[in-house]
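Below is one structure, written out as structure tokens; the observations come after it.
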Amino acid sequence: MKEVNQILLDLKRKIFKPIYFLSGEESYYIDEISNFIENNVLDEAEKDFNQTIVYGKDIVLSGILGLAKEFPMMSDYKLVIVKEAQNLKELNKNAASDEDSGNKTEANNAGAQFLNYINHPQKSTILVFCFKYKTIDKRSAIAKALQKNAVFLETKKMYDNQIPDWISNYVKEKNYSISPKASFLLSEFLGSDLSKITNEINKLLISLPTGKEITPEMIQDNIGISKEFNVFELQDALAKKDIVKANRIINHFAANEKENPSQLVLASLFGYYSKILKYQFLTDKSKFAAAQALGVNPFFVDGYAKAAANYTSLKLKNIFSYLKECDLKSKGVDNSNIPYGELLKELVFKILH
């Protein structure tokens, strides 16, 4: 994210602001910035007297303001970090529905004091709010003041199809490379949780010489993804209409449901067939134009082209119906108690015949 990069760049240049309000659905970037501030603004000797970390569920806004108004001791800055700030009642829009009028008055007073602080912050204090998994009500006076006077960040969850490229860029920043298939396997296995993804990548890089490429084999050997029985291989089998291979994979999935939950498998197949259908209607099917239109690495375009040749548009539309039916049955709709393995076998049979 450009905003995140700019904030980090300013911090590295020691351009500090009095208030940082870090919010949104993607907690990875919130942690990245707050951790950098925590580890780099003050040296170890200064931290004892000038760095305070509190949690939203354990403190009220007036208490935070009290800390923020303290002056630093033998340091240029006082640092106050509020983790889990989304639990602060005074910043939560639901606080207005509190039935206790006394609590309402107290919250309103604290809100007014905070609003005043945002407009006139103490320059020697760096106040950081980590407001995770949600955003503050933009209609509130506090939110408007924060956007105007503070470093205000709102993160959004990345789309699944953006994750492989994000992984490639992250690995590149670490002075390594990763193959397109390895990026795909990571994204399919770990989902869109950037914190989990970076944790697994960093563990992998510990024993890897700088500049080396991360391969699918490394991912499979070190992160617990089966070499033969994974969603990527299932897609490949279905694309080629390889009945034996497809059934071997789903039998493995059925025997290892925890590692291959129906939600993951069905979501992956839905995305896969959506791209095949989209490919069929592209006017420009050249590799790089198709890759851009599909939102994939050019490495995968040939696979979509071959799969598109094996399925008619009508068959693809039917497949989406099969996927929806399988999803509903897996959730017990219409009192369906069909075992997971049987549902997958039925789905694959319908797709291949």
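The values are calculated or read from the model by the stated rules, or taken from the named source; none is laboratory data. Keep in mind it's a predicted model, so treat the numbers as computed, not measured. Positions of Cβ are backbone-derived with ideal geometry, glycine not excepted, and every protein chain shown enters the neighbour counts.
Quick check on the range 20-31. Is at least one of its residues in contact with a helix residue (DSSP H, G or I) (Cβ under 9 Å, 6 or more places away or on another chain) and without any contact (Cβ under 8 Å) to a residue 60 or more places away in the chain? Scanning the range 20-31, I find no residue that is in contact with a helix residue (DSSP H, G or I) (Cβ under 9 Å, 6 or more places away or on another chain) and without any contact (Cβ under 8 Å) to a residue 60 or more places away in the chain, so the answer is no.
Among the residues of the range 215-250, the ones that are among the charged types (D, E, K, R), assigned to a helix (DSSP H, G or I) and loosely packed, with under 15 Cβ neighbours inside 10 Å come to 3 in all.
Do we have P298 as surrounded by fewer than 18 Cβ atoms within 10 Å (Cβ to Cβ), within 29 Å of S168 (Cβ to Cβ), out of contact with any Phe, Trp or Tyr (no Cβ under 8 Å at 6 or more places or on another chain) and not aliphatic (A, V, I, L, M) here? The answer is no for P298. Suppose we keep only residues that are in a helix (DSSP H, G or I) and small (G, A, S) within the range 264-293. Which one would you say is farthest from C326 (Cα to Cα)? Once the filter is applied, the top-ranked residue is A289.
Is it the case that some residue within the range 204-214 is surrounded by fewer than 21 Cβ atoms within 10 Å (Cβ to Cβ), free of Cβ contacts under 8 Å to residues at least 12 places away in the same chain and among the acidic types (D, E)? No, there is no match, as no residue in the range 204-214 is surrounded by fewer than 21 Cβ atoms within 10 Å (Cβ to Cβ), free of Cβ contacts under 8 Å to residues at least 12 places away in the same chain and among the acidic types (D, E). Checking the structure you have, find out if any residue of the range 276-287 is more than 27 Å from the chain's Cα centre (by Cα), without any contact (Cβ under 8 Å) to a residue 60 or more places away in the chain and farther than 22 Å from K240 by Cα. Scanning the range 276-287, I find at least one residue that is more than 27 Å from the chain's Cα centre (by Cα), without any contact (Cβ under 8 Å) to a residue 60 or more places away in the chain and farther than 22 Å from K240 by Cα, so the answer is yes. When restricted to residues that are closer than 30 Å to K123 by Cα and hydroxyl-bearing (S, T, Y), the range 143-182 contains 1.
Residue by residue, here is whether (1) more than 27 Å from K258 (Cβ to Cβ); (2) touching an Asp or Glu at 6+ places or on another chain (Cβ under 8 Å); (3) among the β-branched types (V, I, T) holds:
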{"site": "K157", "(1), (2), (3)": "no, yes, no"}
{"site": "T198", "(1), (2), (3)": "no, no, yes"}
{"site": "I201", "(1), (2), (3)": "no, no, yes"}
{"site": "L205", "(1), (2), (3)": "yes, no, no"}
{"site": "E217", "(1), (2), (3)": "no, no, no"}
{"site": "N230", "(1), (2), (3)": "no, yes, no"}
{"site": "L238", "(1), (2), (3)": "no, no, no"}
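The residues listed here are Y133, Y176; of these, the one that is under 30 Å from E259 (Cβ atoms), over 15 Å from the mean Cα position of the chain (by Cα) and aromatic (F, W, Y) is Y176. When every residue of the range 25-37 is checked against the conditions, at least one turns out to be charged (D, E, K, R), touching a Phe, Trp or Tyr at 6+ places or on another chain (Cβ under 8 Å) and not in a helix (DSSP H, G or I). Going through the range 113-147 one residue at a time, which ones are touching a residue at least 40 places away in the same chain (Cβ under 8 Å) and of a type in the set (A, V, I, L, M)? Within the range 113-147, I118, I126, L127, V128, I136, I142, L146 meet the criteria.
Condition check ((1) within 18 Å of G56 (Cα to Cα); (2) assigned to a loop (DSSP other than H, G, I, E, B); (3) without any contact (Cβ under 8 Å) to a residue 24 or more places away in the chain; (4) not assigned by TED's automatic domain parsing to the domain that holds A85) across all residues:
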position	(1), (2), (3), (4)
A110	yes, no, no, no
W166	no, no, no, yes
N169	no, no, yes, yes
A182	no, no, no, yes
E188	no, no, no, yes
I197	no, no, no, yes
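Considering every residue within the range 302-312, establish whether at least one is surrounded by fewer than 18 Cβ atoms within 10 Å (Cβ to Cβ) and not in a helix (DSSP H, G or I). Checking the range 302-312: at least one residue is surrounded by fewer than 18 Cβ atoms within 10 Å (Cβ to Cβ) and not in a helix (DSSP H, G or I).
Assess whether F270 counts as being surrounded by fewer than 16 Cβ atoms within 10 Å (Cβ to Cβ), outside the structural domain of S168 (by TED's automatic domain parsing), among the aromatic types (F, W, Y) and within 24 Å of the chain's Cα centre (by Cα). Yes: the conditions hold for F270.
Listed by first and then second residue, the pairs with beta-carbon distance under 7 Å, at least 6 apart or on different chains, first residue in the range 310-325 and at pLDDT below 95, second of a type in the set (G, A, S), are N310/A239. Could you say whether any residue in the range 157-165 is in contact with a strand residue (DSSP E or B) (Cβ under 8 Å, 6 or more places away or on another chain) and either among the acidic types (D, E) or on the phi < 0 side of the Ramachandran plot (or both)? There is no residue in the range 157-165 that is in contact with a strand residue (DSSP E or B) (Cβ under 8 Å, 6 or more places away or on another chain) and either among the acidic types (D, E) or on the phi < 0 side of the Ramachandran plot (or both).
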